[in-house]
Amino acid sequence: MKNIACIILAAGRGTRMNSKTPKALIEVHSKPMLEYLTDSIKDVGISKIALVLGYGAAEIKKRFKDFDVVHQDKLLGSGDAVNSAKKYFHGYKGDVLVVCSDTPLIKSQTLRDLINAHREGGYSATVLTAALTDPAGYGRILRNEEGKVVRIVEDKDADRYEEVIKEINVGAYCFEKEALFSNIGKIKVNKKKNEYYLTDIIDILKKSNAKIGSFTTEDSSECSGINSRIGLVEASRIIKKRILEDLMKNGVTIVDTASTFIDSNVKIGMDTVIHPHTIIEENVEIAEDCSVGPYAHIRSGTKIAKGVEIGNFVELVRTEVGAGCKIKHKTYLGDAVLGKNINIGAGTITANYDGKNKNQTIIKDNAFIGVGSILIAPVTIGKNAVVGAGSVVTKKHDVRDGETVIGIPARSLKKKKNGPSRLI
Ligand code: UD1
Ligand code: CA
């Protein structure tokens, strides 16, 4: 989108979270709260972004290195936070989207709709609103007889007539830049909270005959402002639901959505089935026609190729699994690279950490790892090799292609012509 910039308000202390971590960095469904919003803003195609920071600024900055930071010296409210960004917009012409870092559920399409409504109506300011059955805690939208927005009243300041209004301020606005910055300084301090409320600018603009618009989202789940740990769980639930629904739309079967946890940035192919009690972390790729779980934990950096079967109590981390492999019971594979059609017996463990480094285990095509084997990395198991049940394959004692090893430590099993096999 052209001629649109953005201010993200993230200076607030988030007192109600009762946490040592700055609110913007608190994770919702394993991603910092702020990142949902920055992803949506990038998705809208906005590149000029001012991140207003105050409490915990240094920590937030470290994580969001690519953003231009504006400092709010004293936390004097959302109005003052926007005012802190005034200089940053010197010389800029266009519209300014203002969003709050604690509303991570707003979708990029809704932000686009808000901007479009603002432009089509030729408004000075446009407010994103939603209708809630329980509007408590949110600013209420006051409209005149013609249905036009005239003011926003904060929950704490609402009288008993205003309190029952169901239409709320989601906390996202689109402003014409001049209208915003020539009026932001006119906001008066709210005596109850000793803060400058951004929401008061609507009344100021209206009184100067500016046109105020609104865009109402049908999906009220978008407006959850996270102010407490209870809000955090609610937001997490909504994000989880969205992730699972997107996967199901793309042809993935999720047998039980209640017990399945899948992070964002997970790719799963068509006709793969995810069984109950499975956890899949971010940056995992699973191809088509796989079966995962029940009770599987697939951790970050794992890539699973087509037609793989992963069963009960299997944990995989930073591991590549080739097509057609079977890893069906009680297994831990870390930093492993598996070729195709490998059978991993129940209870197989890769000892990938030696106390200092994480080491790699390579298992080549068609190998067979017997039950209860321990593979001490770094080690390679060759093509068509067999590791007998209960073996411990020690560090750097690679198993050659076609070789059978067994025992603790594992040794080669040679087949004698017309005689019993023996260990060598
Ligand atoms: C705000 C809105 C309210 C709306 C709700 C939606 C105001 C006055 N009220 O209320 O109408 O319904 O969001 O969730 O804006 N911030 C700063 N600096 C400050 C204070 C706050 O940057 O000095 C930031 C916060 O980090 C937050 C945002 O501004 O991202 C909103 O502040 P918050 O205190 O959470 O406002 P609410 O009471 O939730
Ligand atoms: Ca809030």
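A few points about this structure:
- Within segment 333-368, the set of residues being in a strand (DSSP E or B) and either among the polar types (S, T, N, Q) or closer than 13 Å to E320 by Cα (or both) comprises L333, G334, A336, V337, L338, N343, T350, T361, I362, I363.
- Checking each residue in segment 367-398 for being under 19 Å from K340 (Cα atoms), open to solvent by 10 Å² or more (accessible area, probe 1.4 Å) and out of contact with any Leu (no Cβ under 9 Å at 6 or more places or on another chain) picks out F368, V371, T380, K383, N384, D398.
- Positions within segment 349-374 being under 11 Å from L333 (Cα atoms) and small (G, A, S), in sequence order: A351
- In segment 151-165, the residues that are within 16 Å of ligand 2 (Cβ to nearest atom) and surrounded by fewer than 14 Cβ atoms within 10 Å (Cβ to Cβ): K156
- Hits in segment 4-29 - residues which are more than 16 Å from ligand 2 (Cβ to nearest atom) and either open to solvent by less than 40 Å² (accessible area, probe 1.4 Å) or closer than 23 Å to T110 by Cα (or both): I4, A5, C6, E27, H29
- Any hit, segment 40-55, residues being assigned by TED's automatic domain parsing to the domain that holds A172, without any contact (Cβ under 8 Å) to a residue 24 or more places away in the chain and within 12 Å of ligand 1 (Cβ to nearest atom): no
- Complete set of residues in segment 407-424 that are open to solvent by less than 60 Å² (accessible area, probe 1.4 Å) and modelled with pLDDT of 95 or more: G407, A410, S412
- Remark: E222 matches the filter, which requires a residue to be in contact (Cβ under 8 Å) with a residue 12 or more places away in the chain, under 18 Å from the mean Cα position of the chain (by Cα), part of a helix (DSSP H, G or I) and within 16 Å of ligand 2 (Cβ to nearest atom).
- Subset of segment 251-263 [within 16 Å of S236 (Cβ to Cβ) and open to solvent by less than 20 Å² (accessible area, probe 1.4 Å)]: S259, T260, I262
- For segment 14-28, taking the residues that are part of a loop (DSSP other than H, G, I, E, B) and more than 8 Å from ligand 1 (Cβ to nearest atom), the one that is nearest to I184 (Cα to Cα) is identified as P22.
- Residue that is most open to solvent (accessible area, probe 1.4 Å) [pool: residues in segment 166-200 that are in contact with a helix residue (DSSP H, G or I) (Cβ under 6 Å, 6 or more places away or on another chain) and hydroxyl-bearing (S, T, Y)]: Y196
- Members of segment 31-47 found to be in a loop (DSSP other than H, G, I, E, B) and loosely packed, with under 15 Cβ neighbours inside 10 Å, listed by number: G45, S47
- Residue among Y196, Y295 that is in the same structural domain as M33 (by TED's automatic domain parsing) and either in contact with an Asp or Glu (Cβ under 7 Å, 6 or more places away or on another chain) or of a type in the set (F, W, Y) (or both): Y196
- Filtering V98, V69 for residues that are within 16 Å of ligand 2 (Cβ to nearest atom) and among the β-branched types (V, I, T) leaves a single hit, V98.
- Filter result (out of contact with any helix residue (DSSP H, G or I) (no Cβ under 7 Å at 6 or more places or on another chain) and of a type in the set (D, E, K, R)) within segment 212-230: E218, D219
- Residue identified as free of Cβ contacts under 8 Å to residues at least 12 places away in the same chain, surrounded by fewer than 18 Cβ atoms within 10 Å (Cβ to Cβ), not acidic (D, E) and not assigned by TED's automatic domain parsing to the domain that holds K188 among R229, R242: R242
- Residues located in segment 252-266, provided they are farther than 13 Å from R242 by Cβ and among the acidic types (D, E): D256
- Within segment 63-109, tally of residues that are under 20 Å from Y36 (Cα atoms), of a type in the set (D, E) and open to solvent by less than 80 Å² (accessible area, probe 1.4 Å): 2
- Looking across segment 201-219, the residues that are assigned to a loop (DSSP other than H, G, I, E, B) and either under 20 Å from T129 (Cα atoms) or open to solvent by less than 30 Å² (accessible area, probe 1.4 Å) (or both) come down to A210, K211, T217, E218, D219.
The values are calculated or read from the model by the stated rules, or taken from the named source; none is laboratory data. On a predicted model such as this, the values are computed, not experimentally measured, just so you know. As a convention, Cβ positions derive from the backbone with ideal geometry for all residues, glycine included, and neighbour counts pool all protein chains shown. Quick note on the areas: whole protein, heavy atoms, side chains included, nothing else; ligands and nucleic acids left out. Shrake-Rupley method; radii C 1.70, N 1.55, O 1.52, S 1.80 Å.
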